[in-house]
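Scroll down for the structure; my scribbles are underneath it.
Since every read-out is calculated from the coordinates, none of them should be taken as a lab result. None of these values were measured; they are calculated from a predicted model.
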Amino acid sequence: MESMTADPQLSSTAASDLKHADTWIVIPLFNEATVIADVVAELREQYSNVLCINDCSTDNSAAVAAAAGAEVINHPINLGQGAALQTGFDYALECGAKYVITFDADGQHRLVDANAMLALARERDLAIVFGSRFLDDRTKPGLLKKIVLKTAVWATNLGTRMKLTDAHNGLRVIRADALRLIQLKQDRMAHGTEIVVQLGRTGLPWAEHPVEVIYTDYSRAKGQSLLNSINILIDLIIR
């Protein structure tokens, strides 16, 4: 794989880069040049280790992410989000990460939620913290999407014997001992179920934490929101 690393300039924010030095933000990246700079820049205010796995984007997402301060690994061919996550996990572990936070590239996740989840993992010695958009009323997914997501939760819990309220939320905190037991093989949206299954099998302590998923005009214009939910159901049925 090809690696491209940005050269962050020293500034008055250098001290803040030391925060969460044991934690890596892992972001699968595919054709998000319009928004990835803002996502990375906000994360870099509080996390020194922000890693984007560019899954063969056809735009300049990789260059934009690097310019914003992220470290970038380039997949030479498009391998899917599951493979991008696995590449990020492996790299973060090699770099000595104690925690990894998985974060979406499209601006739908909130830094404040990631911070709260990491704090919860540290305070309660948890190996996994799953973000859930259904533990409070901040997220407004729309009726059809909510039905599809709730159905996916039911199917995932049935297969994993876990009791999650939001099985396919991309915002997660995973400790290194759990991360070492993850080997994602699925590509499309099926990796969302696969990672829950594998994390559940670790037997390590976990919890959910309320998060807000922000459905922006940008994400709606790309058709990601409902389409991803339908793809999740399809993958659950055929796997």
| said: On a full-extension model of 0.36 nm per residue, what is the gain between Asp177 and Ala63, subtracting their alpha-carbon distance, rounded to one decimal in nm? | reply: 37.8 nm
| remark: A chain fully extended from Glu123 to Asp22 at 0.36 nm per residue, minus the present Cα-Cα distance, gains in nm 34.9 nm
| Counting only Cα, what are the radius of gyration and maximum Cα-Cα distance Dmax of the range 50-150, in Å? | 15.7, 42
